[in-house]
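Heads up, the thing below is written out as structure tokens.
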Amino acid sequence: MRCPYCGSLDTQVKDSRPAEDSAAIRRRRVCPDCGGRFTTFERVQLRELFVVKRSGKRVPFDRDKLQRSIDVALRKREVDPVRVERMINGIVRQLESSGETDVTSDAVGALVMEGLKALDDVAYVRFASVYKNFREPKDFEELLVGLGQAARAVPSADGEASADAAEPGAP
């Protein structure tokens with residue numbers, strides 16, 4: 001592992017421990033040349049994934065880019081970081097277990113939207129506005145109407161969805 005401070009290739013692992021519900025290994029490293037200390041994470045990768053952009057360009061899947069885009073959508077929202085990490089791990093696991101090495105950016109975006117919808121409505125709308133390239137207020141309105149209908153469709157005792165079950169003051 002290359003030292004991020006001096007570029008030396010000779011770094012030593014000082015401590016290793018499981019992280020992220022044992023889905024990763026956290027390693028504390030030290031550089032013998034400059035004395036710099038840093039942390040690395042090691043994760044299992046089932047297969048090499050590539051994202052096919054809308055333009056047709058094929059780029060390697062970047063988990064950190066996925067994390068950053070979700071963090072932007074969740075900015076200033078009080079969401080448990082463990083739930084966010086679990087969501088990201090689930091998305092990556094779904095992509096890796098699909099059996100395909102090439103996934104479309106639309107497929108990745110759809111999985112993120114599905115995860116954010118379950119996690120935080122505001123983050124869902126923020127992500128959707130960029131992902132779906134909203135241009136005017138009616139785009140937001142259509143998304144919010146759909147979100148409101150989904151929130152009101154609460155299963156009743158017989159398992160049927162009732163549109164007015166979540167209405168304030170409903171019996």
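The values are calculated or read from the model by the stated rules, or taken from the named source; none is laboratory data. Keep in mind the model is a prediction, meaning the values are calculated, not measured. Please note: Cβ atoms are built from the backbone with ideal geometry, for glycine as well, and neighbour counts cover all protein chains shown.
Values computed for the structure shown
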| quantity | calculated |
| --- | --- |
| Failed condition for residue 93, given (1) touching a strand residue (DSSP E or B) at 6+ places or on another chain (Cβ under 8 Å); (2) basic (Lys, Arg); (3) under 28 Å from residue 147 (Cα atoms) | (1) |
| Condition check for residue 49: at pLDDT 90 or above, of a type in the set (A, V, I, L, M) and over 30 Å from residue 8 (Cα atoms) | no |
| Checklist (1) in contact with a helix residue (DSSP H, G or I) (Cβ under 9 Å, 6 or more places away or on another chain); (2) over 26 Å from residue 23 (Cα atoms) applied to residue 56, failing item | (1) |
| Unmet criterion (only one of (1) in contact with a Phe, Trp or Tyr (Cβ under 9 Å, 6 or more places away or on another chain); (2) farther than 18 Å from residue 97 by Cβ; (3) of a type in the set (Val, Ile, Thr)) for residue 51 | (2) |
| Hits in the stretch 58-87 (condition: touching a Phe, Trp or Tyr at 6+ places or on another chain (Cβ under 6 Å) and either among the hydroxyl-bearing types (Ser, Thr, Tyr) or in a helix (DSSP H, G or I) (or both)) | 73 |
| Those residues of the stretch 13-30 which are charged (D, E, K, R) and loosely packed, with under 15 Cβ neighbours inside 10 Å, in sequence order | 14, 15, 17, 21, 26, 28 |
